[in-house]
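Everything below concerns the one structure shown next.
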Amino acid sequence: MADDRNFTWQDGERTIRFGRGALADATDLLASGYVLLTTKRGREIAPHVVDAADEVHDVPAGFVEDLAGDIVERLGVTDASLVVAVGGGRVIDTAKAVAAATGRRAAAIPTTLSAAEMTAVHRRAAGTKQDVAGVRPRVVINDPDVCASQPPADLAASSANALAHAVEGPLTTLASPVPSIAGREAGRLIARAWDDDEHPDREALALAALLSGYSIDGNWYGLSHVCSQTLVRVGGVSHGQANAVVLPHTTAALRRRSPEPLDELDRAIGGPTEALAAKLARLAGAACIRDLGVAESALDACADAAASRAELDLTPPRASRDELRAIYGEAW
């Protein structure tokens, strides 16, 4: 019988290796000749991946388009056709953007539950045409001891990000059954993983992140991610905490639009999705926007910026600026 917590999944052009100890397989799966993007934490987690790279670039804090544009300019003379990321969503999205800008392939070893490694969703590098095709990593190495290695509060915030994928993916106008089923299973795993607040099941969370990424890659996103991403860019909040703090409120708004799919998610979770979202927000220290250092005066700018996002059309009816402001107000 197959082991659903240790497997290799050949999904079209990409290879997905999941399981405890998978990091040891990294250099074999990546082969030789790659550019590595990582962080101090990533260097400590995967030194053998660092040692095997042709060149290594540390990815600081910042916006993906700027980070990727800077790295594109600093790339050395190398024949490496692969850009590898060891890090969270910012690092992986930057690697995808660099790959898109330079015609390379991408690979990812996630150190958070962002699920960025499972999607072709990313901003384009500064100086690159915006219509350049997005890049989805060809190799994904998800080792739960790495992917779910964050401290508890950060892990809860990252779990909220994965849950947001499970909530929103099945509700978009692009939704189809297979990624939606994966999203519901991700929600179930997240709920069970946090039955024990003190000792979450990190292996289950890593698998949930993988499935949630598969769901959002197939179905895309709308209202909830627009609200969280805007809070990051305008309010300066971290991505995980932004998802955690808005999700209870965006889920309620999405339920008003599409109650039946959320009822199905409730049954998978074993209770109201909003309650699980609120629990994760509390554990993440992100119960309210004001606790994250964002002034109430910034909420108008958040609503204005969010209202301009085309992705709102994917969860109809399109949220108005007033509804967006009300969501931010409820979360504040």
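Computed on region 260-332, with alpha-carbon pairs under 8 angstrom and 6+ residues apart, the relative contact order is 29 percent. For region 158-213, what class follows from the C-alpha gyration tensor (a ≥ b ≥ c being the square roots of its eigenvalues): rounded when a/c is under 1.5, otherwise prolate if a/b is larger than b/c, else oblate? Since a/c reaches 1.5 and a/b is larger than b/c, the shape of region 158-213 is classed as prolate.
Basic side chains Lys and Arg get +1 at the Cβ, acidic Asp and Glu get -1 at the Cβ, and with that the dipole of region 7-152 about its Cα centre reaches some 300 debye. Please say if region 38-184 is rounded, prolate or oblate, where rounded means a/c under 1.5 for a ≥ b ≥ c the square roots of the C-alpha gyration tensor eigenvalues, and otherwise the choice is prolate for a/b larger than b/c and oblate otherwise? Oblate.
Averaging Cα coordinates gives a centre for region 185-253 and one for region 1-58; these two points are 23 Å apart. Computed 3J(HN,Hα) for region 110-119, one whole-Hz value per residue from the Karplus formula 6.51 cos²θ - 1.76 cosθ + 1.60 where θ = phi - 60°, is x, 10, 9, 8, 4, 6, 4, 5, 9, 10, glycine and proline marked x.
Using the Cα centre of region 1-86 as origin and beta-carbon charges of +1 (Lys, Arg) and -1 (Asp, Glu), tell me which of Gly33, Val50, Ile71 is placed farthest towards the positive end of the dipole. Projecting each Cα onto the dipole axis, the largest value belongs to Val50. Using only Cα atoms and rounding to the nearest 10 degrees, what angle (0 to 90) does helix 152-168 make with the longest principal axis of the chain? Orientation of helix 152-168: about 70 degrees from the principal axis.
Kindly express, to the nearest 10 degrees and within the range 0 to 90, the angle between helix 239-257's C-alpha long axis and the longest C-alpha principal axis of the chain. Orientation of helix 239-257: about 50 degrees from the principal axis. Couplings 3J(HN,Hα) for region 21-33, derived from phi with the Karplus relation 6.51 cos²θ - 1.76 cosθ + 1.60 (θ = phi - 60°), are x, 4, 4, 5, 8, 4, 5, 5, 6, 7, 6, 10, x Hz, where x marks Gly and Pro.
What separates the Cα centres of region 89-144 and region 271-294 is a distance of 28 Å.
Share of carbon and sulfur in the accessible area of the chain stands at 51%, probe radius 1.4 Å. For region 128-142, backbone phi angles converted through the Karplus equation (6.51, -1.76, 1.60; θ = phi - 60°) give residue-by-residue couplings of 9, 4, 5, 8, 4, 4, x, 10, 9, x, 7, 10, 10, 10, 10 Hz, Gly and Pro being listed as x.
Amide H contacts of Leu37: His57, Val84, Ala85, Val86, each under 5 Å away and 5 or more positions distant or on a separate chain (H built 1.01 Å from N in the peptide plane; Pro and chain starts excluded). Restricting the trypsin sites (Lys or Arg not before Pro) of region 115-198 to loop positions (DSSP other than H, G, I, E, B) with no more than 11 neighbouring Cβ atoms within 10 Å leaves Lys129. With the highest mean first, a sort of the peptides 98-104, 308-314 on other beta-carbon atoms found within 10 angstrom per residue produces 98-104, 308-314.
Helix 202-219 versus the longest principal axis of the chain: what is the Cα-based angle in degrees, 0 to 90, to the nearest 10? Long axis of 202-219 versus the principal axis of the chain: about 80 degrees.
Dividing the summed -39500 (n - 2.57) terms of all DSSP H runs of n ≥ 4 by the residue count of the chain sets its mean residue ellipticity at 222 nm at -16000 deg cm²/dmol. Here the chain carries DSSP beta bridges of which approximately 25% are antiparallel, counting only pairs with both residues inside. Apply the a/c threshold of 1.5 to the C-alpha gyration tensor of region 197-332 and tell me whether it is rounded, prolate or oblate. Oblate. Averaged over its residues, the chain has an accessible area of 39 Å² per residue, based on protein heavy atoms and a 1.4 Å probe.
Ordered from largest to smallest accessible area (heavy atoms of protein chains, 1.4 Å probe), the residues Phe18, Phe7 come out as Phe7, Phe18.
The values are calculated or read from the model by the stated rules, or taken from the named source; none is laboratory data. Small disclaimer: the values here were computed from a predicted structure and weren't measured. Counting neighbours? That spans all protein chains shown, and the Cβs are built from the backbone with ideal geometry, glycine included. Side chains are part of the model used for accessible areas, which takes the heavy atoms of the whole protein and leaves out ligands, DNA and RNA. Shrake-Rupley method; radii C 1.70, N 1.55, O 1.52, S 1.80 Å.
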